[in-house]
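The values are calculated or read from the model by the stated rules, or taken from the named source; none is laboratory data. All values reported here derive from a predicted model rather than from experimental measurement. Note: ideal-geometry Cβ built from the backbone for every residue, glycine included; neighbour counts use all protein chains shown.
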Amino acid sequence: MTSCWRRAALYLLAGFLLQPAFTLADEDKDKSRILFLHLRVEQDGSIRVLKSKAVPGKLKTRSQARGTFKLELQTADNRAVWSGAVEDPRVRHFEIENPPGSGKLERRTHTMAEAEFMVRVPLRGGEEKLLVFEDDPLKVKGVDRAQRKVLLTHPLPAPEQSP
């Protein structure tokens, strides 16, 4: 009876030890990368890149497609292959108790002149540049896609070639 348990424990241990080797082999086949961008929104509304780094990996999908800033990955022929959105990081929403001790919350909004934020973008290959547009529905309603105000155009790093 004990030899059966020992054998089962040995198989489980071997499985746990060998799993990373199989996982790494599967990941090597996939050339997906994640682009981490550290961005800054300036007082004039323009956006600049403070730091950009592409690392191997897959980005989890997000369901949120709304936001003040629209992100778009484009190919060399200006075809969009991915899009996402982020809220304006300069706008902060707070809830405070007013009057104090009443238990009633009051919502307040504060807009800062400048702000820094991070964005993660999936890279699958074939993308040439990242564009950031202003996507405020009150400002761009009915505006053609080609006429949107471009806040940032960032060339993407070339994929690293393996020897």
Restricted to region 47-87 and to residues being among the charged types (D, E, K, R) and part of a strand (DSSP E or B), the residue farthest from Leu151 (Cα to Cα) is Lys53
For Arg62, the lone unmet condition from (1) within 12 Å of the chain's Cα centre (by Cα); (2) at pLDDT 85 or above is (2)
All-but-one check, Asp77 against (1) of a type in the set (Asp, Glu); (2) under 20 Å from the mean Cα position of the chain (by Cα); (3) surrounded by fewer than 17 Cβ atoms within 10 Å (Cβ to Cβ), failing number (2)
Wholly inside region 92-163, strands (runs of 3 or more DSSP E) that include 3 or more residues that are at pLDDT 90 or above and surrounded by 14 or more Cβ atoms within 10 Å (Cβ to Cβ) are 115-123, 129-134, 150-155
Do the conditions hold for Thr75, that is, is it closer than 23 Å to Lys129 by Cα and in contact (Cβ under 8 Å) with a residue 60 or more places away in the chain? no
